[in-house]
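The values are calculated or read from the model by the stated rules, or taken from the named source; none is laboratory data. All of these numbers come straight from a predicted model, not from anything done at the bench. Neighbour counts are summed over all protein chains in view; Cβ atoms, including those assigned to glycine, are modelled from backbone coordinates with ideal geometry. Side chains included, ligands, DNA and RNA excluded: accessible areas come from the protein's heavy atoms. Shrake-Rupley method; radii C 1.70, N 1.55, O 1.52, S 1.80 Å.
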Amino acid sequence: MINLVIGSQWGDEGKGKLVDLLGRDADFAVRFHGGNNAGHTVVVGDKKYPFHLLPSSILRSQVVGIIANGVIIDPKVLITEIENVEKDGYSLKNKLIISTRCHLIMPYHKALDEAYENARGKNKLGTTKRGIGPTYADKVSYNGIRVYELLNWELFVEKFKFQAKIKNQILKLFKVKPINVKKSLEEYKKYRGKLLPYIADSYQLLKKAANAKKNILLEGAHGVMLDNDFSPYPYATGSNVVTGAVNTGSGLPDSKIDNIWSVVKAYLSRVGGGPLPTELFDKTADKIREAGHEYGTTTGRPRRIGWLDLEAVKFTTEVTGSNKIAITKIDILSGLKEIKVCVGYKLKGKMIPYSSCGYKELAELQPVYKSFPGWKEDITGVRKFERLPKNCQSYVKYIEKFLGIPVKIVSVGAEREENIYR
Ligand code: IMP
């Protein structure tokens, strides 16, 4: 069985909870795109581990975690995550595989990310400043350095020096302090020593696992509205987030995936800049932000809040070919008098689909809303769909009908067991 979990909005949809559920039966857990711009807290007993690069399910005893080729790695962050779990007695030896093909995030990528953001001034994108865009840019322009080069230290040094020389010239244009080549090389040599035991050909492992019908969990990061192609670019992340990213980012053919889960948060949140048609600026937004703890896992930034945008989600579920929906955080809407969902976009008096919009249109259009009466009850203890307040049931059924995809899980609380299965 191969399960893929994808965020249908702007990230932070609560994918971690579904990943946690599916991880119970998984043999392999795979990250296949993005880097440490993603973030998720893994809870084991009373311990909490913030993961940005390790697959979330890796602490389950039977799971082998794979960081496949589409992921970009900041070695320092990854080593910190490994050391954090190892100091609590977990051993990741033979449990973590890092693809030789992953690209490395370098100090100059982070410096460039920050320099570009500062230079953009009021037009800044709100990146996580983790060096994501510059690293992917180097990847596609043949200027990247991969984990592969860590295996061949002389090559690494040669490539690093060449890139650092050029990047330092660019940083100079931004009037930013250049990176220290000697110090960086010493650091990366240390990282190399720590990461070597985990580096392998992840493709062979995944191919064999898929052929042996192992249970593989593909942990998508971010959300499709941040996809490098399908977002309102440039308000994007550096990677593709859609189903095809599994193929390019791990080598597994998409046709082998059994379940493509779209995770749909019952409302909307976003960190970073860019248009957000259903954004709320009133007390309802504050209420939802507080109740839903909508502050960034990676940066701590307060998230922007909006009504569920089904025009956008319909698009993302179509593009990803999703066949299952998990609705998350619906309990956060309890107590609201009225709940709205966006069912289409209107621009200059005419309906316009999400796919025809760039960031300018998205900023100018008017969302067309359907309004639902809310419910007062605390629903976190409910485990059967029929026991949900009627208004809450109607909300879920409407989403299901609108998307034309079965809603299989409704998460009604933050705790592991607070779910309704349909
Ligand atoms: P970058 O990925 O750091 O380059 O940031 C580009 C945009 O994607 C910014 O708006 C970020 O806030 C957003 N972003 C990147 N990763 C995530 C995520 O995992 N959740 C939510 N937003 C994200």
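Arranged from highest to lowest average of other beta-carbon atoms within 10 Å per residue, in what order do the peptides 364-373, 198-207 appear?
The most tightly packed comes first, giving 198-207, 364-373.
Tell me, what % of the accessible area of the stretch 328-422 is carbon and sulfur with a 1.4 angstrom probe?
Heavy-atom surface of the stretch 328-422 belonging to carbon and sulfur, 1.4 Å probe: 52 percent.
With a point put 7 Å past each Cα toward its Cβ, work out how far residue 185 is from residue 384 in nm, to one decimal.
Label at residue 185, label at residue 384, 7.0 nm between them.
Roughly speaking, to the nearest percent, how much of the stretch 103-196's 1.4 Å accessible area is carbon and sulfur? If you can, show how the numbers build up before the last one.
Working: 3050 of 5440 Å².
Within the stretch 103-196, the accessible surface is 56 percent carbon and sulfur.
Explain nothing, just the number: dipole magnitude of the chain about its Cα centre with +1 on each Lys and Arg Cβ and -1 on each Asp and Glu Cβ, in debye rounded to the nearest 20.
Magnitude of the dipole: close to 560 debye.
Give the distance, in whole Å, between the Cα centre of the stretch 84-110 and the Cα centre of the stretch 332-358.
41 Å
May I ask what percent, to the nearest 5, of DSSP beta bridges between residues of the chain are antiparallel?
In the chain, approximately 40 percent of DSSP beta bridges are antiparallel ones.
So for the chain, averaging the separation of alpha carbon pairs under 8 Å that are six or more residues apart and normalising by length, what relative contact order in percent results?
Result for the chain is 19 percent.
In the stretch 247-319, carbon and sulfur make up what percent of the accessible area (probe 1.4 Å)?
Answer for the stretch 247-319 is 52 percent, counting heavy atoms of protein chains only.
In what sequence, highest mean first, do 213-222, 35-44 appear when ranked by Cβ atoms within 10 angstrom?
213-222, 35-44
With every protein chain kept in place and ligands, DNA and RNA left out, what is the accessible area per residue of the stretch 333-410? Probe 1.4 Å, answer in Å².
On the way: 4380 Å² over 78 residues.
Normalised by residue count, the accessible surface of the stretch 333-410 is 56 Å².
Ranked highest first by the average count of other Cβ atoms within 10 Å around their residues, in what order do 400-408, 246-254 fall?
Order by mean packing, descending: 246-254, 400-408.
Please work out the average accessible area per residue across the stretch 103-196, using the 1.4 Å probe convention, and give it in Å². Write down the numbers at each step before the final one.
Numbers: 5440 Å² over 94 residues.
Accessible surface, normalised per residue, equals 58 Å².
Tell me the relative contact order for the stretch 1-130 as a rounded percent, counting alpha carbon contacts under 8 Å between residues six or more apart.
This gives 21 percent for the stretch 1-130.
Would you calculate the separation in nanometres between label points at residue 88 and residue 393, each defined as 7 Å from the Cα along the Cα-to-beta-carbon direction?
4.0 nm
Express in whole angstrom the spacing between the alpha-carbon centres of the stretch 390-422 and the stretch 165-216.
Comparing the Cα centres of the stretch 390-422 and the stretch 165-216, I get a distance of 40 Å.
Enumerate the amide H contacts of residue 339 below 5 Å, restricted to partners 5 or more residues apart or on another chain; note that Pro and chain-start residues carry no placed amide H.
The answer is 372, 374.
What is the distance in Å between the Cα centroid of the stretch 261-286 and that of the stretch 50-73?
Using only Cα atoms, the two centres lie 28 Å from each other.
Any chance you could run the full-extension gain for residue 318 through residue 25? It's 0.36 nm times the residue separation minus the Cα-Cα distance, nm to one decimal.
In short, 102.8 nm is gained.
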